[in-house]
1. Please list, ordered by first then second residue, the pairs with beta carbon atoms under 6 Å, 6 or more apart or interchain, first in region 97-110 and closer than 17 Å to PHE294 by Cβ, second open to solvent by less than 50 Å² (accessible area, probe 1.4 Å).
2. Consider ASP271 against the criteria (1) among the acidic types (Asp, Glu); (2) open to solvent by 40 Å² or more (accessible area, probe 1.4 Å); (3) touching a residue at least 12 places away in the same chain (Cβ under 8 Å): it satisfies all of them except one. Which criterion is unmet?
3. When residues of region 285-330 are filtered for being assigned to a helix (DSSP H, G or I) and open to solvent by less than 40 Å² (accessible area, probe 1.4 Å), how many remain?
4. Please verify whether ARG266 is crowded, with 17+ Cβ neighbours inside 10 Å and basic (Lys, Arg), treating the condition exactly as stated.
5. Examine region 169-177 for a residue that is buried (at least 17 other Cβ atoms within 10 Å of the Cβ) and modelled with pLDDT under 95, and state whether such a residue exists.
6. For region 243-260, indicate whether the set of residues that are open to solvent by 10 Å² or more (accessible area, probe 1.4 Å), under 21 Å from the mean Cα position of the chain (by Cα) and among the basic types (Lys, Arg) is non-empty.
7. Residues to consider are VAL285, VAL265; find the one that is aliphatic (A, V, I, L, M), at pLDDT below 95 and touching a Phe, Trp or Tyr at 6+ places or on another chain (Cβ under 8 Å).
8. Could you tell me which residue of region 275-284 is most open to solvent (accessible area, probe 1.4 Å), considering only residues that are among the charged types (D, E, K, R) and in a helix (DSSP H, G or I)?
Amino acid sequence: MYPATTTGRNQYASTDHSASGSSALITFSVSQAFHKLVKTLESSDKVRCSETIQEMLWFINNEFPDVMLRFQEKSFSEREVTTLAENSSETRAVTISPMEKLIANHKSFDLITHLNSLVADFNIRLTVFTGHFHDSESCPSNREMNLNIFSSKLHDFGKDILKKTNRTCDIDTYHDSEACIELAEETKRKLEAWHNSVKVLSEGLVDPLLDKSEGLDHNSSEKENAISHLKEIQKLQHEDGKKDYHKIDILLRYSANSAALRETVRSRMSDCILKDFIGSDNLLVFLKTMQLLFDYYQFTPYNEPLGEIEKDLCDTIKKYAKMKKPVGYR
């Protein structure tokens, strides 16, 4: 029997697994539909956009007052902390969070939105797969087929981010289906956004190492933290059996010793992390790399943490992902 699998705070423990997976998909779809509507209105009709947002807020306030109250209390608490920091004798550089600093330095203002989207999408896929995995009521042939189909959506998640495309993005195969073409285009946009977001996270790890504006010891604690996380990421390849993997060590030496190559290290490091860790054939390497990046920036996803997978289940996902898919599978 395989170990229990979690998807953050909400473990997959419901007896009605199909209903749970469907509920997660519906919640995500409603949220994404509203986001898309607001963005569309914002670009074409700002007055209507404002009215739509206000109507939604009134609806939430009337129908879910407890939810709105918790949101307002959290918002007030965050504003209070910001005010204290701004009135403090400490400089803003001391109180700013690593994620805020990254967004400001790289002008990546949609970063948190894209990261939350990445986590939500992955967790939904994991929930759906584990639902079929634990489904003892479905006939064996249907269960095997569903595991076969949904396994690659998990196993290839990081590789799709690396490539910025997948089977769903192949518009040429959709012919005249407008809905499918829209899905393909939306999938492509999401993958590109996730790719760019991971690239920013990876580049940000190198920023403290290249900051020599105030001497070699400037922000030494930040440098030590960045180096520590980079070495932890490199260990993931060692754990995966690649004991001779030392690309990150080499890039760290370049950043410290070669003025000529120092400015190229940032892009090379992000390429290294994307290709060898995010796009790894090992789903656990992808997950652990993402979590190390999140930990470095003290980033907590909005709804729930990035899902966790035990090694045995990871091996099962890979086994089904490598199987031949049914005709017509996308």
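The values are calculated or read from the model by the stated rules, or taken from the named source; none is laboratory data. Just so you know, these numbers come straight off a predicted model, no measurement behind them. Glycine also receives a Cβ, built like all others from the backbone with ideal geometry; neighbour counts cover every protein chain displayed. Surface areas here come from the heavy atoms of the whole protein model, side chains and all, with no ligands, DNA or RNA. Shrake-Rupley method; radii C 1.70, N 1.55, O 1.52, S 1.80 Å.
1. Final answer for the pair search is PRO98/TYR297; MET99/TYR297; MET99/PHE299; LEU102/GLY204; ILE103/LEU111; HIS106/VAL200; SER108/VAL200.
2. So the condition that ASP271 fails would be (3).
3. First pass over region 285-330, keeping only residues assigned to a helix (DSSP H, G or I): 285-296, 311-321.
Okay, now just the ones that are also open to solvent by less than 40 Å² (accessible area, probe 1.4 Å), so 285-287, 289-290, 292-294, 296, 313-314, 316-317, 320-321.
Selection size over region 285-330: 15.
4. Yes.
5. Kept after step one, since they are buried (at least 17 other Cβ atoms within 10 Å of the Cβ), are these residues of region 169-177: 169.
If we keep only those that are modelled with pLDDT under 95 too, we end up with 169.
Yes.
6. no
7. On the way: VAL285 fails: at pLDDT below 95.
Sole residue among the options that is aliphatic (A, V, I, L, M), at pLDDT below 95 and touching a Phe, Trp or Tyr at 6+ places or on another chain (Cβ under 8 Å): VAL265.
8. Top of the filtered list is LYS275.
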